[in-house]
Amino acid sequence: TDGEMKGAILITYSTRTGSTKGVSEFIGKTLTDLGESVDVLPMNDIDILSDYSAVIAGSAIQSGKWLPEASEFIVTHKDELKKMPVAAFLVCMTLAMPKGEKYRETVSGWLDPVRSIISPIDVGLFKGALDIKKIPSFGDRLKFRLSVLFGVWKEGDHRDWDSIRDWTVNIRSHLDRSIAS
């Protein structure tokens with residue numbers, strides 16, 4: 001059966017306030033609706049990748065980087081990841097700033113450490129959600145409150161589901177090609 005999916009697609013994520021988990025679940029639902037079999041799991045729950053035919057890995061951004069456990073996931077599994085199609089995404093508030101689009105190149109650079117290890121077939125840069133109550137550290141909550149006050153960004157959910165769906169559909173067409181080749 002040439003070009004058919006062998007094994008499910010893993011969508012794995014690292015999140016701090018749940019925004020990236022929501023994006024991952026939405027990617028999973030989009031792929032399921034397209035007839036794929038998927039697992040959506042936090043990176044910390046993954047031991048081996050051999051059951052999967054492709055991986056979509058995403059993380060929230062802190063201080064211009066993927067979360068530590070997300071970078072660790074890539075390093076730990078790099079040999080397996082290099083043997084299969086992998087797409088990477090990030091979720092951040094920078095793109096949700098009033099002129100956020102002009103930071104796209106900077107934000108894309110935040111995935112360079114990932115790119116240098118696994119060469120993803122594609123990367124997604126998505127706006128996040130800001131719910132200050134969910135931020136664990138008092139200092140960080142304060143920083144976000146001040147930045148909202150000064151108009152750096154607005155609280156609320158800025159996730160753009162249409163662009164996430166488009167990216168996912170596009171990834172899937174790449175996956176089929178890389179598996180069939």
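Condition first: touching a helix residue (DSSP H, G or I) at 6+ places or on another chain (Cβ under 7 Å), over 15 Å from L125 (Cα atoms) and at pLDDT 95 or above. Now tell me which residues in segment 15-25 satisfy that.
Result: no residue meets the conditions.
Please find, among R145, R141, R159, R172, the residue that is within 30 Å of S53 (Cα to Cα) and part of a helix (DSSP H, G or I). Give the steps one after another, and end with the answer.
Working: R145 fails: within 30 Å of S53 (Cα to Cα); R141 fails: within 30 Å of S53 (Cα to Cα); R159 fails: part of a helix (DSSP H, G or I).
Testing whether each residue is within 30 Å of S53 (Cα to Cα) and part of a helix (DSSP H, G or I) leaves just R172.
Say whether the condition of being touching a residue at least 24 places away in the same chain (Cβ under 8 Å), among the charged types (D, E, K, R) and closer than 22 Å to I27 by Cβ is met by at least one residue in segment 87-107.
No, there is no match, as no residue in segment 87-107 is touching a residue at least 24 places away in the same chain (Cβ under 8 Å), among the charged types (D, E, K, R) and closer than 22 Å to I27 by Cβ.
With the condition being over 19 Å from I164 (Cβ atoms) and open to solvent by 70 Å² or more (accessible area, probe 1.4 Å), I'd like the strands (runs of 3 or more DSSP E) fully within segment 1-88 carrying at least 1 qualifying residues.
Values: elements: 8-14, 38-42, 52-62.
Qualifying strands (runs of 3 or more DSSP E): 52-62.
Can you name the residue in segment 145-169 that is open to solvent by 80 Å² or more (accessible area, probe 1.4 Å) and touching a strand residue (DSSP E or B) at 6+ places or on another chain (Cβ under 8 Å) and, of all such residues, is nearest to S19 (Cα to Cα)?
For segment 145-169, the residue satisfying everything is D157.
The values are calculated or read from the model by the stated rules, or taken from the named source; none is laboratory data. Treat the numbers as computed from the prediction; the structure is a model and nothing was measured. Please note: Cβ atoms are built from the backbone with ideal geometry, for glycine as well, and neighbour counts cover all protein chains shown. Protein only, heavy atoms only, side chains kept; ligands, DNA and RNA dropped before computing areas. Shrake-Rupley method; radii C 1.70, N 1.55, O 1.52, S 1.80 Å.
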